[in-house]
1. On the basis of being assigned by TED's automatic domain parsing to the domain that holds Asp534, not in a strand (DSSP E or B) and not charged (D, E, K, R), does Ser620 make the cut?
2. Considering only the stretch 200-231, how many residues are in a loop (DSSP other than H, G, I, E, B) and of a type in the set (Val, Ile, Thr)?
3. Tell me the residue from Val603, Val634, Val622 that is farther than 26 Å from Ile511 by Cβ and of a type in the set (Val, Ile, Thr), please.
4. Suppose the filter is at positive phi and assigned to a helix (DSSP H, G or I); does Gln644 pass it?
5. Within the stretch 624-641, can you find the residues that are part of a loop (DSSP other than H, G, I, E, B) and aromatic (Phe, Trp, Tyr)?
6. I'd like the full set of residues that are small (Gly, Ala, Ser) and more than 52 Å from the chain's Cα centre (by Cα), limited to the stretch 160-196.
Amino acid sequence: MLQRSRNLVAALAPFGLILALAIWSMSPLGMSLEQRLGLDVLFKIRGAEPPPDSVVVVAITRNSARALGLSEKLYQWSRQSHGDLVQHLAQAGARHIVFDVFFETGREPQGDDAFRRSIARAGNVLLFSRSEKEQVAGVTKETFIDPYTPFQQAALDTAPLILPKVPARVSRFFLRHPSFSNVPTLPARVWLLQQSDPAAAEQRLLAMRPDPLLNLFGPPRTITTLEFSDIINQVPAALNQVRGKTVFVGYSAEDQPDQRDGFYTSFTSGEGLDLGGVELAATAYANLVTDTWLREWLPWKNGLLVLLVGAISYVLARFTAPLLAALCVGGVASAMTLMICLAFSRLHLWLPWFHTVVLAVPLCGGLGMWLRSRELFSQKQRLQWAFGKYLPRDELERLVSQQGLPAVRDYHNSVCMVTDAEGYSRLSETLTPVALAELMQSYYQAIIPPIRRSGGIISDVAGDGVIALWLHLERHTAWRTLQPVVEEINRNIEQFNAQHEGKALPTRLGIHCGEIAMGHFGAMDHHEFRAMGDIINTTSRLEGANKQLGTKVLVSESCLDVEDDTLRYLGRFQFVGKQTPLRIFTLKQNPDPVLLKQYQLAVMKLEAGHQAAAEKLFESIVRYYPEDGPTQFVVQNISKVGEQGIIPFSSK
């Protein structure tokens with residue numbers, strides 16, 4: 001039950017993280033981050049686009065001041081120049097003239113009067129008014145400050161121009177004054193004046209969000225921009241561009257040093273040139289005229305989209321193969337980017353790109369791929385652990401690293417050990433299968449660990465026998481490596497037999513060296529990994545010879561470089577069906593030096609061709625040491641000994 005609960009928590013935890021990301025995307029901080037990072041990217045991907053032809057900006061710049069011979073300090077200009085500007089624009093057929101310049105007070109009577117008369121004659125001039133906050137008795141009070149009264153009275157209308165600058169960039173524009181919901185801002189006021197049904201237009205503005213997103217057209221001066229001096233000088237090319245259009249007049253620099261009224265936006269240039277306030281006002285007006293201001297979803301819809309994209313990315317990455325998962329996650333990111341960009345450029349809809357493509361897709365997809373890879377790694381470890389009981393580690397790695405079954409490989413100078421338990425057949429008849437299985441599990445625990453710790457691999461386990469291999473083991477080090485293994489196995493078997501009274505399994509061992517071939521042998525859907533070669537059969541014969549010789553361990557001469565003091569030489573023996581005899585050794589189980597010396601002398605006589613003398617010596621040894629198995633076997637088979645003293649086994 002506890003494990004089931006843990007599995008349920010582990011399965012639901014990623015979706016909890018995805019939900020947390022979706023909730024974060026709906027928070028004010030998340031929305032602000034999306035606006036600052038995601039919106040910038042969308043504008044850069046879309047690039048500049050042609051502004052509507054219905055709006056023109058007349059830029060008051062340092063270059064215009066120089067061309068007109070006026071002071072570069074623009075606030076020192078005579079209002080006569082502004083009057084001339086209005087007169088020429090009106091004569092050129094401008095639809096409306098909107099000043100993004102605050103004329104707070106009068107300056108010189110003659111110039112002020114000329115400007116007032118030009119405004120009155122044109123009849124289509126809107127002036128900029130501003131609001132001011134002040135603390136009165138601890139209460140913040142906001143009031144409007146209108147332009148110089150003669151100008152205000154002559155103008156068609158006045159309106160404030162407020163741009164939300166949070167924290168340091170402009171992305172939105174106000175339709176109405178934030179503190180006075182019934183007061184439209186300058187772009188909205190111009191648009192209202194141009195509508196055939198002002199009442200319906202007013203209702204439409206009221207239904208809109210009070211601070212919609214600006215749909216910027218591009219970097220500074222993307223909107224058609226004319227120099228103030230060109231209008232004053234009545235340059236035909238400039239005057240021809242204002243007919244029937246709404247003209248916004250204000251500061252708009254061509255380079256950063258001349259910048260006076262700049263706002264940081266998504267299109268601020270690398271040199272630091274910002275969009276001027278007059279350009280932003282013209283952009284807001286153009287957005288209203290063309291109905292292209294940026295729409296945006298409610299926060300919960302954005303969060304739902306982030307949740308959906310995150311969940312899809314996670315599921316695709318979590319339950320598909322690694323390569324396919326990476327392709328799927330990349331495909332989701334590409335598809336979302338394409339969809340969001342198309343919605344942005346074609347539908348003027350701002351969707352969350354940063355939280356979906358930059359955060360949700362890689363985080364959720366990456367989490368899914370990480371969990372998938374961890375699961376695959378865990379499965380691989382479990383399989384390696386399980387198959388490691390049946391296959392050598394390097395063979396497992398070969399199977400994992402290549403397709404199909406690996407080719408058969410040859411191993412030279414390998415060592416083979418075969419073990420066999422006496423009495424297994426009797427126990428298998430008397431014990432239940434379950435009891436026999438438990439007994440043999442304990443028995444294998446006594447044999448296999450010493451083999452594995454010494455670098456041996458288990459080639460086969462069949463009933464009461466174990467076939468172990470040591471690959472690439474040099475001949476002169478074979479017995480040196482296996483002697484402690486044999487000693488530990490013998491100790492373990494003695495302990496096992498002592499613990500299982502009445503179920504003892506005395507064990508015989510045969511050890512031989514030679515060449516083998518390792519591989520997967522079988523057909524169709526069944527293969528086994530095993531060793532092939534005469535070494536297996538010969539070692540098995542050696543193990544079986546223990547029964548005839550009355551020994552526990554037999555080692556062939558092929559495992560020795562020189563004779564070892566721990567081993568007793570038994571002679572040259574030939575197995576049934578084998579042509580090549582083997583020099584065989586066993587452990588010195590009887591430490592009696594007389595027996596060992598006399599036996600060695602008898603074997604030397606036998607191999608020297610003195611069979612009669614050897615026979616007498618063997619008979620003498622068996623009278624004094626009747627329990628010595630090798631001597632008994634030689635005496636019983638002395639008549640069958642062939643040339644060069646080769647002792648034959650009469651059975652397998």
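1. Working: assigned by TED's automatic domain parsing to the domain that holds Asp534: no; not in a strand (DSSP E or B): yes; not charged (D, E, K, R): yes.
No, not satisfied.
2. Just the residues of the stretch 200-231 that are in a loop (DSSP other than H, G, I, E, B), to begin with: 208-212, 214-224.
Cutting the leftovers down to of a type in the set (Val, Ile, Thr) gives us 222-224.
Residues meeting the conditions: 3.
3. Selected residue: Val622, the only one of Val603, Val634, Val622 that is farther than 26 Å from Ile511 by Cβ and of a type in the set (Val, Ile, Thr).
4. Values: at positive phi: yes; assigned to a helix (DSSP H, G or I): yes.
Yes.
5. Result: Tyr625, single match.
6. Answer for the stretch 160-196, where residues must be small (Gly, Ala, Ser) and more than 52 Å from the chain's Cα centre (by Cα): just Ser196.
Listed here are the residues, each with its yes/no results for (1) under 30 Å from Asp464 (Cβ atoms); (2) of a type in the set (A, V, I, L, M, F, W, C); (3) at pLDDT 65 or above.
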position	(1), (2), (3)
Ser378	no, no, yes
Leu396	yes, yes, no
Leu399	yes, yes, no
Thr419	yes, no, yes
Ala435	yes, yes, yes
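Residue-by-condition table, conditions (1) assigned by TED's automatic domain parsing to the domain that holds Gly365; (2) within 19 Å of Leu280 (Cα to Cα):
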residue	(1), (2)
Leu19	yes, no
Leu37	no, no
Val58	no, yes
Arg62	no, no
Leu70	no, no
His88	no, no
Ala94	no, no
Ile97	no, yes
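The values are calculated or read from the model by the stated rules, or taken from the named source; none is laboratory data. The model shown is predicted, which means the values in this text are computed figures rather than measured ones. Positions of Cβ are generated from backbone atoms using ideal geometry, with glycine treated the same way; all protein chains shown enter the neighbour counts.
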